[in-house]
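Worksheet for the structure shown next.
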Amino acid sequence: MTSLYWLQGGGCGGDTWAFLSSETPNLVQLCESLHIDLLWHASLSPTPIGTQRELEESVIAGDTPLDILVVEGAAIQGPDGTGIFDMVEGRPKRDLIRDLARNARFVVAAGTCAAFGGFGSRTEVQATGLQFHRSEPGGLLGADFRAGSGLPVINLAGCPCHHNVVAGTIQALASDIPLPLDQFNRPTHWYSVMVHQGCTRNEYHEYRVEEHDFAQKGCLFFHMGCRGPLVGGPCNRILWNQRSAKTRVGVPCFGCTDPEFPQNHRFFHTRNIEGIPLELPMGVDRAHYMAYKGMAAAAAPKRLRDRSTEV
């Protein structure tokens, strides 16, 4: 059996609800096929609170082995580093996270809040990720933390994290399948491609056929703040519920897999100087971009320029 403890930190619970929408396999099939012993999950476990506390103390004492600790939501440090904005029976929950992590074979941060701090990371809440604070190594556990397996915290970024990423990570860890990580400790299998890759609007992007509003067919990067060409993530590769993604229904990518999410400037707007975006697609330099995009727009085929106004 592979034991798994799912702990809720400071967050909305969205990663849990995304995970519950898994279909192939669904959550029950996943646990049965991998022989997962789900020790605790706030939305699934009928265990009384007193029994849960006894279980936690048993894990911390080393009496109950813990293979996979999944933390959803940020570690709350505020106010002023005390942690008392998020308490468990008079004790900062961040301390409980630390103690459980020390005894886990693997530690998984489910969602951008747990991985990088997310929405509370620039506020008096002082939210931080488990091993990063936004894009800086450190976070709650420190840059040098290693779980019992020798791996750092495995960051499953997303707001929420894609359910297939959570299920696939648990499957890999339970089956001792190697899981290469990128510079932000995200599994490269899902985060080494851009959200832009697989987007149905790519041809419009290449010819700079631009939109100024939602639910149109053209590219949303140049005016609408789409971050698909800027961040890594699997949304357009594996889709949500095998069906869709934001850009496929005319909504710009939010860039929620990025360590700096949420950004400190407004959504649905592309910052620019004289029409040239301040942030360019990954790997593209400004001089070549300016020359290429001007020519591309002039060469856009009529079938793209005359696009329908409906998705």
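The values are calculated or read from the model by the stated rules, or taken from the named source; none is laboratory data. What you see is a predicted model, and the numbers here were worked out from it, not measured in a lab. Note: ideal-geometry Cβ built from the backbone for every residue, glycine included; neighbour counts use all protein chains shown. Quick note on the areas: whole protein, heavy atoms, side chains included, nothing else; ligands and nucleic acids left out. Shrake-Rupley method; radii C 1.70, N 1.55, O 1.52, S 1.80 Å.
If you keep only loop residues by DSSP, which chymotrypsin sites (Phe, Trp or Tyr not before Pro) in the range 203-311 have at most 16 other Cβ atoms within 10 Å of their Cβ?
Numbers: sites: Tyr204, Tyr207, Phe214, Phe221, Phe222, Trp240, Phe254, Phe267, Phe268, Tyr289, Tyr292; in loops: Tyr207, Phe214, Phe254, Phe267, Phe268.
In loop regions of the range 203-311 (DSSP not H, G, I, E or B), the sparsely surrounded chymotrypsin sites (Phe, Trp or Tyr not before Pro) are Phe214, Phe267, Phe268.
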* With the Cα gyration tensor of the range 82-204 giving a ≥ b ≥ c as the square roots of its eigenvalues, does the rule (a/c under 1.5 for rounded; else a/b larger than b/c for prolate; else oblate) give rounded, prolate or oblate? -> oblate
* Structure fact -> In the chain, taking the dipole from +1 charges on Lys and Arg beta carbons and -1 charges on Asp and Glu beta carbons about the Cα centre, the listed residue (Ile84, Asn202, Gly120) farthest towards the positive end is Asn202
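Quick one: compute the contact order of the range 72-203, relative version, from alpha carbon pairs under 8 angstrom and 6+ residues apart, as a percent. Write down the numbers at each step before the final one.
Working: 244 pairs, mean separation 27.2, N = 132.
With pairs under 8 Å counted, the relative contact order is 21 percent.
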* Structure fact -> Taking placed amide H atoms and a strict 5 Å upper bound, the residues 5 or more places from Asn155 or on another chain that come that close are Ala109, Arg186
* Structure fact -> Taking Lys and Arg as +1 and Asp and Glu as -1, residues besides Ala297 with C-beta under 11 Å from its C-beta add up to +1
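Looking at the range 221-311, which GluC sites (Glu not before Pro) are DSSP coil and have at most 11 other C-beta atoms within 10 Å of their C-beta? Show your work: numbers first, answer last.
Details: sites: Glu260, Glu274, Glu279, Glu310; in loops: Glu260, Glu274, Glu279, Glu310.
Here the GluC sites (Glu not before Pro) that fit, given the DSSP loop and packing criteria, are Glu274, Glu310.
Which loop GluC sites (Glu not before Pro) in the range 1-83, with loop taken from DSSP, have no more than 12 other Cβ atoms within 10 angstrom of their Cβ?
Working: sites: Glu23, Glu32, Glu54, Glu56, Glu57, Glu72; in loops: Glu23.
Passing sites in the range 1-83 are Glu23.
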* Asked: By a straight-distance test (C-alpha under 26 Å), which lysines pair with Lys293 as possible cross-link partners, with residues fewer than eight away in the same chain excluded?
  -> Lys217, Lys246, Lys302
* Asked: Each residue of the range 191-203 in order: what ³J(HN,Hα) in whole Hz does its phi give by Karplus 6.51 cos²θ - 1.76 cosθ + 1.60, θ = phi - 60°, with x for Gly and Pro?
  -> 10, 8, 10, 7, 4, 4, 6, x, 5, 6, 9, 4, 5
* Hey, what do the phi angles of the range 298-306 turn into as Karplus ³J(HN,Hα) couplings, whole Hz, using 6.51/-1.76/1.60 and θ = phi - 60°, x for Gly and Pro? -> 5, 9, 4, x, 4, 5, 7, 5, 9
* To do: With a 1.4 Å probe and every protein chain left in place, work out the accessible area per residue of the range 125-278 in Å², rounded to a whole number.
  => 41
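Which net charge results when you count Lys and Arg as +1 and Asp and Glu as -1 among the other residues whose beta-carbon is under 12 Å from that of Pro79?
Working: positive: none; negative: Asp80, Asp86, Glu124.
Taking every other residue near Pro79 into account, the sum is -3.
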* Of all DSSP beta bridges located in the chain, what percent are antiparallel, nearest 5? -> 40
* **Note, ³J(HN,Hα) from phi for the range 120-137, Karplus 6.51, -1.76, 1.60, rounded to Hz, x at Gly and Pro** => x, 6, 10, 10, 5, 5, 6, 6, 9, x, 5, 9, 9, 10, 6, 8, 9, x
* Report, to the nearest 10°, how far helix 49-61 tilts away from the longest principal axis of the Cα atoms in the chain, using its own Cα long axis and a range of 0 to 90°. => 90
* Gyration tensor verdict on the range 198-280 (Cα atoms; rounded if a/c is under 1.5, prolate if a/b is larger than b/c, oblate otherwise) -> oblate
* Asked: In deg cm²/dmol, rounded to 500, what helix-only [θ] at 222 nm does the chain give when every DSSP H run of at least 4 residues adds -39500 (n - 2.57) and the total is split over its residues?
  -> -7500 deg cm²/dmol
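Fully extended, how many nm does the chain gain between Glu136 and Val249 (0.36 nm per residue separation, minus their Cα-Cα distance)? It would help to have the intermediate numbers written out before the result.
Values: separation 113, 0.36 × 113 = 40.68 nm, distance 3.33 nm.
Gain in length upon complete extension: 37.3 nm.
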* Asked: In whole Å, what is the distance between the alpha-carbon centres of the range 156-185 and the range 40-111?
  -> 20
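Which value results when the Cα radius of gyration for the range 1-150 is divided by 2.2 N^0.38 Å? Walk me through the numbers on the way to the answer.
Details: Rg = 15.0 Å, N = 150, 2.2 N^0.38 = 14.8 Å.
For the range 1-150, the normalised Cα radius of gyration comes out at 1.01.
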* What label, among (1) 1.03; (2) 1.05; (3) 1.09, belongs to Rg/Rh (Cα atoms, Kirkwood Rh) computed from the structure on display? -> (1)
* Sort by residue number and report every cysteine in the chain with no other cysteine beta carbon within a distance under 4.7 Å. => Cys12, Cys31, Cys113, Cys161, Cys199, Cys219, Cys226, Cys235, Cys253
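For the range 10-146, what is the relative contact order in percent, using Cα pairs closer than 8 Å and at least 6 residues apart in sequence? Kindly include the intermediate steps, with their values, before the conclusion.
On the way: 218 pairs, mean separation 29.1, N = 137.
Computed over the range 10-146, the figure is 21 percent.
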* Asked: Is the shape of the range 238-294 rounded, prolate or oblate, going by the alpha carbon gyration tensor and its root eigenvalues a ≥ b ≥ c, with a/c under 1.5 for rounded and a/b larger than b/c for prolate?
  -> prolate
